[in-house]
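The values are calculated or read from the model by the stated rules, or taken from the named source; none is laboratory data. Since this is a predicted model, take the numbers as computed values, not measurements. Cβ sites come from the backbone with ideal geometry, for glycine too, and all protein chains shown count toward neighbours.
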Amino acid sequence: MASILVVEDDFDLAQTVELYLRREGHRSERASDGLRALELFRALRPDLVILDIGLPKLDGLEVLRRIRQDGDTPVILLTARAEEVDELLGLGLGADDYLVKPASARVLLARVKAVLKRSRSAPKPDLVRLGALEVDSYRMEVRFGPIVLELTPSEFRLLHHLALMPGRATGRDELLAAALPESEALERAVDIHMTNLRRKLRAAGAPEMIETVRGLGYRLREAGSEPQPERENP
């Protein structure tokens, strides 16, 4: 059982979503605008937020930004148009999943279950060091020297997976399974998350550590190694 905040200004849709959630044993609260959503989020500290994008008073993307400033509570974004998913991924705002309305009860509950499972999976104590880069799966924290990188959960899982096997070329399908298991995200989502990871590593002063293996995926350079040319997948 989880505490879930449903943020949706369509009364009938919000009521239906809450009904499905409560049938599964979850507790739910509802907000119909962005400002009320933030008030309830700060008061309730829910386990998961289901967040519509088109909201009155404060739009869903700004609500998500403020939630992310406050921690890593899982968020499923609801969008009215399938084409928006590419744009949302590119913004790198840190949503854990995306649903296009109207979504069936089966799909909604499957996504809720998957996101909650990922967020509740206790990471094994494990510290990976690659030169000045430290990836700590116990604290879910990445440092480059003294700087702590602000990563989304998906970005952390991608980097951690690469860091466990430095120098190894890893396919997009494997990375997708490691970072977004049970999600319907496409392989292009991996590329967008990697772009965001590279940008954040550069901002922390790190060299170009993530290399593209053309036709396959990515690898993380081993400490002290020289950049390798991109290779075609045989």
Go through segment 36-57 residue by residue and tally those that are over 19 Å from residue 74 (Cβ atoms) and in contact with a helix residue (DSSP H, G or I) (Cβ under 9 Å, 6 or more places away or on another chain). 3
Which of the residues belonging to segment 74-98 are modelled with pLDDT of 75 or more, in contact with a Lys or Arg (Cβ under 8 Å, 6 or more places away or on another chain) and either surrounded by fewer than 18 Cβ atoms within 10 Å (Cβ to Cβ) or farther than 21 Å from residue 22 by Cβ (or both)? 79, 80, 96
For segment 1-10, the count of residues that are farther than 10 Å from residue 27 by Cα and modelled with pLDDT of 90 or more equals 3
Every residue from segment 5-26 that is over 14 Å from residue 99 (Cβ atoms), in contact with a helix residue (DSSP H, G or I) (Cβ under 7 Å, 6 or more places away or on another chain) and surrounded by 19 or more Cβ atoms within 10 Å (Cβ to Cβ): 5
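The rows are residues; the columns are (1) aliphatic (A, V, I, L, M); (2) loosely packed, with under 14 Cβ neighbours inside 10 Å; (3) at pLDDT 90 or above.
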{"position": "191", "(1), (2), (3)": "no, no, no"}
{"position": "196", "(1), (2), (3)": "no, no, yes"}
{"position": "202", "(1), (2), (3)": "no, yes, yes"}
{"position": "207", "(1), (2), (3)": "no, yes, no"}
{"position": "210", "(1), (2), (3)": "yes, no, yes"}
{"position": "213", "(1), (2), (3)": "yes, no, no"}
{"position": "217", "(1), (2), (3)": "no, no, no"}
{"position": "231", "(1), (2), (3)": "no, no, no"}
{"position": "234", "(1), (2), (3)": "no, yes, no"}
Is segment 46-57 home to any residue that is touching a residue at least 60 places away in the same chain (Cβ under 8 Å) and of a type in the set (Val, Ile, Thr)? yes
Within segment 30-73, take every residue that is in a loop (DSSP other than H, G, I, E, B) and among the hydrophobic types (A, V, I, L, M, F, W, C) and give me the one that is modelled with the lowest pLDDT. 53
